[in-house]
Amino acid sequence: MEKDLEARAGSPDGSSDVSQDKVELPRSPTAIGRFVDGFKRNPNARVTVQAIDANGRILKDQPPAEPALAMKLKQRHLQMIAIGGSIGTGLFVGSGSALANGGPASLVIAYGLIGMTLYCTTHALGELAVQYPVAGAFSVYASRFIDEAWGFAMGWNYALQWLVTLPLEIVAASLTLDFWPGSRDTNAAAWVTIFLVVIILINFFGVRGYGEAEFVFSVIKVLAVLGFIILGIIINTGGVGNQGYVGAHYWYNPGAFNHGFKGLCSVFVTAAFSFSGTELVGLAAAETENPRIALPTAVKQVFWRIALFYLVSLTIVGVLVPYDDPSLLNGTSSADANASPFVIAVRNAGIDAVPSIMNVVILIAVLSVGNSSVYGASRTLAALADMGQAPRILGYIDREGRPLVAIIVSSLLGFLCYIVAAGSDTTTEAFNWMIAISGLAAIFTWGTICICHIRFRRAWRMAGHTLDELAFKSQATVYGSWAGLTMNCLILVAQFWTGFAPVGYAEMSASELVKGFFEVYLAAPLVIAMYIGYKFWYKTKIRRTGEIDITSGRREIENLQEILEEERRIQRSWPWWKKIWKTVC
């Protein structure tokens, strides 16, 4: 019966309310001709739901349009994107500097708090994305539920986050190869060329290419983290290696905390950078065959990503590597795999082969995040262009459903990775500034999602609707969004404090303090400048609850209420264990 309901929900009749107006374009009789035609512009496609004029105003008479992007992502793609899609240097390498700065307890507490925030945020996003599976989700939601100026700021904030992440991750991949002595004699520019070409080619295969690549990458990363957890437990109990029983020794000597409360606060940006990308499931909803079925399952599995892949693995790292281990601070940069606590933990146990295996996983994780960066940046840029908030050419969608020009622009930013040819000092400096742009940007995105969910619920209720009409409801409820918003604000305050007066600031010069502040807080003035500039130029206003559009962009499903009522009737008859399983999975 449940499969019948899923089939009805995913039937062509319920796929999209705009697909009925799809215009068939002429097709070439030859394979080469069809390949070339695939790159031509689809004149009927729009990324966003509403058409606008040259001044960015919504047209009164909306022309027919078909879904712009190819809806080819399946449930398995979305699940793996949610679980392991953006696990990269933030977890495998960045956690090393976090451990050194704050200690093992600070590591678990900071990642746990960010994880709780992200759990509430992702469920809020899931509710919005199932209801409105639109391309460029975050900027579109911000423009719709808050203010067009804030949507502009958030759209470009999110796009910049991913635009700088591509060269950052490619540089990280080249530095990761330095782990093996044989690769150090090769010019780093040769390695980044290979990585850049691979990532660009994957994204030119369209969303299906991205989905399949992320599925494979994520499976490898998930298996590696699970393997490390098992191996870490064995090492800790003295089953493998030359250390004997370790237990919680390093939590007492040198200790659980380093630099006290300020050390804890200093970990937040690293934690945010590690978790950023989880929200990609919301962006991918617009290219999913049936978001009503696929997205809730993917959103629920974010819990396991937080609990298992971050908190459990980092707890094990904290009991295997002391925060004063010199290897944590000896890396050439925050992308140096030699400074990865995962590698250090195994190496300290005297196991020779596993560090190389973990390093391969780190390399795959780096390339995976680079792949995601092109996807996230290109979709956001295309949506901004369609709303008149970016150059119009970026909204070019070809006949295969690819935002072609946006993909090209996102890929061109990847050529910044050739900074590796300038030497290690310049590379490290550039790397730190790229992290400065992308690290804190995630906090603004997550806070905005929480505000959008709060305002959506208020507008939904004011329009006379009930929560039972929603295809998916956030498990964290609207109170979770309030909690998530509060946590994001507190994190921004804590990060301002640690940026303004970092650990050891009394011994730093004025120029070092200024540089250090902007390296952790650069995203904030950028967002504020974009918001105020757009608001001043276009005279936008914060939307009142009664003005919020809760209609356009919904992917209509025939007989949705009947399907939901039947599903809920079946769910009430489930045994208790199945109810628990379906709640978390």
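The values are calculated or read from the model by the stated rules, or taken from the named source; none is laboratory data. If you're wondering where the values come from, they're calculated on a predicted model, not measured in any experiment. Cβ coordinates were reconstructed from backbone atoms using ideal geometry, including for glycine residues, and neighbour counts include every protein chain displayed.
Tell me, which residue of region 472-497 that is of a type in the set (S, T, N, Q) and in contact (Cβ under 8 Å) with a residue 40 or more places away in the chain is surrounded by the fewest Cβ atoms within 10 Å (Cβ to Cβ)?
Step one: filter region 472-497 for residues of a type in the set (S, T, N, Q), giving 474-475, 477, 481, 486, 488, 495.
Now drop any that are not in contact (Cβ under 8 Å) with a residue 40 or more places away in the chain, which leaves 474-475, 481, 488, 495.
Details: 474: 23, 475: 19, 481: 27, 488: 26, 495: 22.
It comes out as 475.
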task: Output the number of residues of region 542-568 satisfying the condition of being modelled with pLDDT of 85 or more, surrounded by 12 or more Cβ atoms within 10 Å (Cβ to Cβ) and in a loop (DSSP other than H, G, I, E, B).
output: 3
query: Being under 27 Å from residue 142 (Cβ atoms), part of a loop (DSSP other than H, G, I, E, B) and touching a helix residue (DSSP H, G or I) at 6+ places or on another chain (Cβ under 6 Å), is that true of even one residue in region 368-385?
result: no
- line: Within region 89-139, residues being farther than 29 Å from residue 175 by Cβ and not in a helix (DSSP H, G or I) number 5
- prompt: Residue check, residue 214 against (1) buried (at least 24 other Cβ atoms within 10 Å of the Cβ); (2) touching a Phe, Trp or Tyr at 6+ places or on another chain (Cβ under 8 Å); (3) modelled with pLDDT of 80 or more, all met but one. Which one?
  reply: (2)
task: Looking only at region 121-131, decide whether some residue is under 24 Å from residue 315 (Cα atoms), surrounded by 24 or more Cβ atoms within 10 Å (Cβ to Cβ), touching a Phe, Trp or Tyr at 6+ places or on another chain (Cβ under 8 Å) and not acidic (Asp, Glu).
output: yes
- line: A careful count of residues in region 504-541 that are modelled with pLDDT of 90 or more, surrounded by fewer than 14 Cβ atoms within 10 Å (Cβ to Cβ) and hydrophobic (A, V, I, L, M, F, W, C) gives 5
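To keep it simple, each residue is scored yes or no on (1) among the acidic types (Asp, Glu); (2) within 18 Å of residue 211 (Cβ to Cβ); (3) over 22 Å from the mean Cα position of the chain (by Cα).
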residue	(1), (2), (3)
347	no, no, yes
368	no, yes, no
371	no, yes, no
375	no, yes, no
383	no, no, no
390	no, no, no
- request: Given the conditions (1) in contact (Cβ under 8 Å) with a residue 60 or more places away in the chain; (2) of a type in the set (Lys, Arg); (3) exposed (fewer than 14 other Cβ atoms within 10 Å of the Cβ), report the number of the one that residue 461 does not fulfil.
  value: (1)
statement: Within region 424-473, of all residues that are polar (S, T, N, Q) and in contact with a Ser or Thr (Cβ under 6 Å, 6 or more places away or on another chain), the one farthest from residue 549 (Cα to Cα) is 424
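Quick one: in region 392-401, which of the residues that are in a loop (DSSP other than H, G, I, E, B) and surrounded by fewer than 23 Cβ atoms within 10 Å (Cβ to Cβ) is nearest to the chain's Cα centre (by Cα)?
401
Could you please let me know if residue 390 is touching a Cys at 6+ places or on another chain (Cβ under 7 Å) and modelled with pLDDT of 85 or more? Spell out the reasoning first.
On the way: touching a Cys at 6+ places or on another chain (Cβ under 7 Å): no; modelled with pLDDT of 85 or more: yes.
No; evaluated as a whole, the condition is false for this residue.
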- prompt: Quick one: what pairs do we get from region 256-278, first residue in contact (Cβ under 8 Å) with a residue 24 or more places away in the chain and within 22 Å of residue 298 (Cβ to Cβ), second of a type in the set (Ser, Thr, Tyr) and in a loop (DSSP other than H, G, I, E, B), C-beta under 9 Å, 6+ apart or different chains?
  reply: 274/86; 275/86; 276/86; 277/86; 278/86
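Checking the conditions here, which among 410, 438 is among the hydroxyl-bearing types (Ser, Thr, Tyr), closer than 14 Å to residue 160 by Cα, at pLDDT 75 or above and buried (at least 21 other Cβ atoms within 10 Å of the Cβ)? Walk me through how you get there before you give the answer.
Values: 438 fails: at pLDDT 75 or above.
After applying the criteria, what remains is 410.
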field: Single unsatisfied condition, residue 469 versus (1) farther than 27 Å from residue 303 by Cα; (2) modelled with pLDDT under 90; (3) exposed (fewer than 14 other Cβ atoms within 10 Å of the Cβ)
entry: (1)
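Among the aromatic types (Phe, Trp, Tyr) and modelled with pLDDT under 80 - does that describe any residue in region 315-329? Can you show your working first?
Applying the first criterion (among the aromatic types (Phe, Trp, Tyr)) to region 315-329 yields 323.
Then keep just the ones that are modelled with pLDDT under 80; that gives none.
Checked against the condition, which is being among the aromatic types (Phe, Trp, Tyr) and modelled with pLDDT under 80, region 315-329 yields no hits at all.
Please verify whether residue 117 is in contact with an Asp or Glu (Cβ under 8 Å, 6 or more places away or on another chain) and crowded, with 19+ Cβ neighbours inside 10 Å, treating the condition exactly as stated. It would help to see each step written out before you state the result.
Working: in contact with an Asp or Glu (Cβ under 8 Å, 6 or more places away or on another chain): no; crowded, with 19+ Cβ neighbours inside 10 Å: yes.
Spelling it out, it is not the case that residue 117 is in contact with an Asp or Glu (Cβ under 8 Å, 6 or more places away or on another chain) and crowded, with 19+ Cβ neighbours inside 10 Å.
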task: Could you grab me the full set of residues in region 130-179 that are modelled with pLDDT of 90 or more and of a type in the set (Asp, Glu)?
output: 147, 148
task: For region 194-239, enumerate the residues that are free of Cβ contacts under 8 Å to residues at least 60 places away in the same chain and farther than 30 Å from residue 311 by Cα.
output: 194, 197, 201, 205, 209
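Could you tell me how many of the residues in region 134-189 are among the polar types (S, T, N, Q), surrounded by 24 or more Cβ atoms within 10 Å (Cβ to Cβ) and more than 15 Å from residue 379 (Cβ to Cβ)? I'd like the intermediate steps shown before the answer.
Residues of region 134-189 among the polar types (S, T, N, Q): 139, 143, 157, 161, 165, 174, 176, 183, 186-187.
Subsequent filtering for residues that are surrounded by 24 or more Cβ atoms within 10 Å (Cβ to Cβ) retains 139, 143, 157, 161, 165, 174, 176.
Remaining after also requiring more than 15 Å from residue 379 (Cβ to Cβ): 143, 174, 176.
Count: 3.
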field: Residue match in region 239-253 (condition: out of contact with any helix residue (DSSP H, G or I) (no Cβ under 9 Å at 6 or more places or on another chain) and small (Gly, Ala, Ser))
entry: yes
message: Against the condition assigned to a helix (DSSP H, G or I) and either over 24 Å from the mean Cα position of the chain (by Cα) or of a type outside the set (Ser, Thr, Tyr) (or both), how does residue 496 come out, does it pass?
response: yes
query: Quick one: would you say residue 144 is without any contact (Cβ under 8 Å) to a residue 40 or more places away in the chain and either out of contact with any strand residue (DSSP E or B) (no Cβ under 9 Å at 6 or more places or on another chain) or within 25 Å of residue 395 (Cβ to Cβ) (or both)?
result: no
- prompt: Of everything in region 335-367 that's outside any helix (DSSP H, G or I) and among the small types (Gly, Ala, Ser), which residue is surrounded by the fewest Cβ atoms within 10 Å (Cβ to Cβ)?
  reply: 350
